[in-house]
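Q: Would you mind keeping the following structure in view while I ask a few things?
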Amino acid sequence: MQLDAALSEIEAQLHAVQAALLTSDTDALEPAADQARSAITALAQVFRGAPNPLPGAALRRAQALSFQLGQVRNQLARVLSLTRQQASTLLPPLQNATYGPSSVSGPRVYHAPG
């Protein structure tokens, strides 16, 4: 894979991840994240064979991708935090296991608050 093609691929995949995050489309987020991870892996392999230092335009694109990837990571961390908070309000703590305290996770009984 050529450097320009690899950079274009990861740009497209990160855009797809961001779009899925913005629309809260969980069905699209997981495959988009998997494809982005694969594209990042392919880009890393291309970087191994790329000239050192990278040509100016490729270097600027790689730096922009690095910044964009950091933003996507932060967005994913926020979504994970919100999901954990939502789950903790819906699910009781593990100590309320059906068969008493146990080191093995067993069936749990869920009660509506109130």
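The values are calculated or read from the model by the stated rules, or taken from the named source; none is laboratory data. Bear in mind that the values here come from a model prediction, so they are computed numbers and not experimental data. Quick reminder, even Gly has a Cβ in these numbers, built from the backbone with ideal geometry, and neighbours come from all protein chains shown. For the accessible areas, the whole protein counts, side chains as well, though only heavy atoms, and no ligand, DNA or RNA atoms are used. Shrake-Rupley method; radii C 1.70, N 1.55, O 1.52, S 1.80 Å.
Q: In Å², and per residue, what accessible area does the range 1-62 have when probed at 1.4 Å with the other protein chains present?
A: In whole numbers, the range 1-62 has 63 Å² accessible per residue.
Q: If each residue of separation counts as 0.36 nm, what is the full-extension length gain between Ala28 and Ser88 once their alpha-carbon separation is subtracted? Kindly include the intermediate steps, with their values, before the conclusion.
A: On the way: separation 60, 0.36 × 60 = 21.60 nm, distance 2.43 nm.
So the chain would gain 19.2 nm between Ala28 and Ser88.
Q: Calculate the FRET efficiency for Val79 and Ala42 from the Cβ-Cβ distance with a Förster distance of 22 Å, rounded to the nearest 0.05.
A: 0.30
Q: Follow-up question, since we're still on this one. By how many nm would the segment from Leu59 to Ala19 grow when fully extended, if each residue of separation counts as 0.36 nm and the alpha-carbon distance is taken off? Don't skip to the answer; put the middle values down first.
A: On the way: separation 40, 0.36 × 40 = 14.40 nm, distance 2.49 nm.
So the chain would gain 11.9 nm between Leu59 and Ala19.
Q: Return the carbon/sulfur percentage of the accessible area of the range 1-75, one whole number, probe 1.4 Å, all protein chains in place.
A: The C+S portion of the solvent-accessible surface of the range 1-75 is 54 percent.
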